[in-house]
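A short worksheet on the structure shown next.
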Amino acid sequence: MRLPLLTLILLLAAAWLPMNAAEMTSRELIAKAAVTKANPEKLALLNQLAGRGDPEIKILLSAWREDSLYLFAEPDGAKVPVVLAGEKDSTGLFAAVRVADGSPLVDASGTPVRLAPGKLPAAEHTSALRRAMKAVLDLVDLSDPDPLKRIQAVSTLGFAQAADKLPVLKALLEKEKEPRVIRAIREAIAVIELKVGDRAAKLGALLTLKELHSLSSADFLKSAQKEFETSKDAELADAARSALLAVEEHRTAVNFWGTLFRGLSAGSVLLVVAIGLAITFGLMRVINMAHGEMIAVGAYTTYLVQNVFGAGMALSPFGKFTITLPGLNASGFAYDAYFLVSLPLSFFTAAAVGVLLERSVIRFLYRRPLESLLATWGVSLVLQQVFRLIFGANNVQVASPTFLSGNFTVNDVILGWNRLFVIGFAVLIIIGVWLLLTRTPLGLLMRAVMQNRTMASCMGVRTERVNMMTFGLGSGLAGLAGAFVSQISNVGPSLGQNYIVDCFMTVVVGGVGNLSGTIVSAVGIGMVDQSLQQILLNPVLGKILVLVAIILFLQWRPAGIFVTRGRGLED
């Protein structure tokens, strides 16, 4: 009889006791803190949020700090913390959501309440509360499912050398499974202990930093080395010096591989934009000054395709009439697929323009290099003006698809997706051109006509058609290059002029008429250019030295790296 009575008394007591903070949800804690008047109680409630990985904490505390968390007064005078959500209606009101449970705020009849932010009092916050919120927010990301966010949060605490976060980081190290996050936690703990630890802890921190050889720890190690040398602690000073040496050796390796990668990608960009000229100028010996505009044709084609996949666009060519291109309003991967569609379209559009140029101008100027140079230069100017009349004088922006944005890191060497793409893109283009020239009947006819046009004609080859197709191929490759160039720079009427000198430089240095020479030349120029920029820390001076080196090289070897033995159209 006494036991049921005792149980009943305990249950009644529990019903009257306030809810245990540990059992409250994050929303309930924030809502209770927002309406609590005493700051010590507010701080105690906010501190209960520390270490919770609830993503709603970040949203609600950020709203509170930005005065976007409001207190709605019920008819009975009770305060209800709310945030406003959704779109503003015609009367300037928003839907209100209860902070405590995320449910819509409704009136007595169950109708959703809509509120105006200017007529609601915001929840108050003091500097002490804001510091408490920041401390909570610093720890929220430590429990984020995304490893990158956890690494960023750990690094923030480590670089701040926040001694009060050391127990949290040590506890996190025991349960973390992701190797990259574990490495970041070890580094953060070592950097903090380097400042606040005892002598044994500092020595252990130096050994850890030497093992990790993280570049970001270099400044902390330099400061620690000065401190230990000043205090005449030889053992710690030697340990700091050794750790710093390991970091600098790692930095040298990172710079070497980074420069190698950037040089390879820069050479690939040169190769992509020059491979078309290697055919029109190298094989056909036509000095095509409009090659850069073929690149621009490909870039503008990509721009048009992007807009068609998006919201569409309206063009007003020559200001006389308007052409409206409807948009597909695609999103996600369907929108990103615009770039894959634009690749073949850029090729065929530029090839068509090239064929038109060859049929209307170039075919009358074979074996007349000076006249072809002047004529194509004039065509270049005309095409630039046409671009201005259609697309305007200002540059247009082509957004990169998601799969070409961002980068990843291998042992501190940053590898950009777009640069990796251009390397693979250049390899595919070279393989495709090589297969076309050596494994197809069209390639056989091209080589026959380029080597001896008269003899090929006597053998029944329709040389004019082959010339047209060869020039179209070179122009199409330039358009393909334009599709990629649109991803790394703005597209404008003068886009081609930024690359035409580099194109001729690459083809001439490699050896006119030799595709292998073009490949070696492009990669070599890219590597030398990036190496000089890394050594001199001055891109302009590095570019000047590259041009001077090319001039001296051509003085010594006018025919380029590989001399082609054969006869061109002008022979």
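Odds and ends about this structure:
- If you go through region 87-107 and keep only what is surrounded by 13 or more Cβ atoms within 10 Å (Cβ to Cβ) and either small (Gly, Ala, Ser) or modelled with pLDDT under 80 (or both), you end up with 95, 96, 100, 102.
- On inspection, residue 516 passes the criterion of being open to solvent by 20 Å² or more (accessible area, probe 1.4 Å) and in a helix (DSSP H, G or I).
- Residues that are in contact with a helix residue (DSSP H, G or I) (Cβ under 8 Å, 6 or more places away or on another chain), closer than 24 Å to residue 283 by Cα and part of a helix (DSSP H, G or I) were ranked within region 533-564; the one that is least open to solvent (accessible area, probe 1.4 Å) is 550.
- Scanning region 473-504 for residues being under 23 Å from residue 344 (Cβ atoms) and either buried (at least 24 other Cβ atoms within 10 Å of the Cβ) or at pLDDT 90 or above (or both) gives a total of 19.
- Residue check for residue 510: touching a residue at least 12 places away in the same chain (Cβ under 8 Å), within 23 Å of residue 438 (Cα to Cα) and out of contact with any strand residue (DSSP E or B) (no Cβ under 8 Å at 6 or more places or on another chain): yes
- Residue that is least open to solvent (accessible area, probe 1.4 Å), among those in region 299-331 that are β-branched (Val, Ile, Thr) and touching a residue at least 60 places away in the same chain (Cβ under 8 Å): 302
- Condition broken by residue 168, with the remaining ones in (1) more than 30 Å from residue 533 (Cα to Cα); (2) in contact (Cβ under 8 Å) with a residue 60 or more places away in the chain; (3) under 30 Å from the mean Cα position of the chain (by Cα) satisfied: (3)
- Test result for residue 134, of a type in the set (Lys, Arg), assigned to a loop (DSSP other than H, G, I, E, B) and surrounded by fewer than 16 Cβ atoms within 10 Å (Cβ to Cβ): no
- Those residues of region 349-376 which are within 14 Å of residue 281 (Cβ to Cβ) and under 36 Å from the mean Cα position of the chain (by Cα), in sequence order: 354
- Only one of the numbered conditions (1) open to solvent by 20 Å² or more (accessible area, probe 1.4 Å); (2) hydroxyl-bearing (Ser, Thr, Tyr); (3) over 30 Å from residue 71 (Cα atoms) is not met by residue 214, and that is (1).
- Boolean, residue 129 is in a helix (DSSP H, G or I), within 18 Å of residue 57 (Cβ to Cβ), touching a residue at least 24 places away in the same chain (Cβ under 8 Å) and under 30 Å from the mean Cα position of the chain (by Cα): no
- Selection status of residue 227, in contact (Cβ under 8 Å) with a residue 40 or more places away in the chain and of a type in the set (Asp, Glu): no
- Considering region 137-157, the residues that are surrounded by fewer than 16 Cβ atoms within 10 Å (Cβ to Cβ) and assigned to a helix (DSSP H, G or I) include one that is nearest to the chain's Cα centre (by Cα), namely 148.
- A Cβ distance below 6 Å, combined with a sequence gap of six or more or placement on separate chains, defines the contacts here; from region 399-428, residues that are farther than 24 Å from residue 252 by Cβ and in contact (Cβ under 8 Å) with a residue 24 or more places away in the chain reach residues that are β-branched (Val, Ile, Thr) and open to solvent by less than 50 Å² (accessible area, probe 1.4 Å) in the pairs 422/269; 426/272.
- Candidates 274, 234, 266: the one that is under 26 Å from residue 496 (Cβ atoms), small (Gly, Ala, Ser) and either open to solvent by 60 Å² or more (accessible area, probe 1.4 Å) or touching a Ser or Thr at 6+ places or on another chain (Cβ under 8 Å) (or both) is 274.
- Residues that are more than 34 Å from the chain's Cα centre (by Cα), in contact (Cβ under 8 Å) with a residue 24 or more places away in the chain and either surrounded by fewer than 15 Cβ atoms within 10 Å (Cβ to Cβ) or over 27 Å from residue 149 (Cβ atoms) (or both), drawn from region 46-80: 70, 71, 72, 75, 79, 80
- Of the residues making up region 347-396, those that are closer than 26 Å to residue 305 by Cβ, of a type in the set (Val, Ile, Thr) and in contact with a helix residue (DSSP H, G or I) (Cβ under 7 Å, 6 or more places away or on another chain) are 349, 353, 355, 379, 390, 396.
- Counting only residues that are outside any helix (DSSP H, G or I) and either among the aliphatic types (A, V, I, L, M) or under 28 Å from the mean Cα position of the chain (by Cα) (or both), region 488-512 holds 9 of them.
- Any chance residue 38 is aliphatic (A, V, I, L, M), modelled with pLDDT under 85 and in contact with a helix residue (DSSP H, G or I) (Cβ under 8 Å, 6 or more places away or on another chain): no
- Residues being modelled with pLDDT under 85 and in contact with a Gly (Cβ under 7 Å, 6 or more places away or on another chain) - total across region 285-323: 1
- Enumeration of residues in region 403-441 that are over 17 Å from residue 480 (Cβ atoms) and surrounded by 13 or more Cβ atoms within 10 Å (Cβ to Cβ): 403, 405, 412, 413, 414, 415, 416, 417, 419, 420
The values are calculated or read from the model by the stated rules, or taken from the named source; none is laboratory data. Every value quoted in this text rests on a predicted model; they were computed, and no experiment measured them. Every residue, glycine as well, gets a Cβ built from its backbone with ideal geometry; the counts of neighbours run over all protein chains shown. Accessible surface areas use protein heavy atoms only, side chains included; no ligands, DNA or RNA. Shrake-Rupley method; radii C 1.70, N 1.55, O 1.52, S 1.80 Å.
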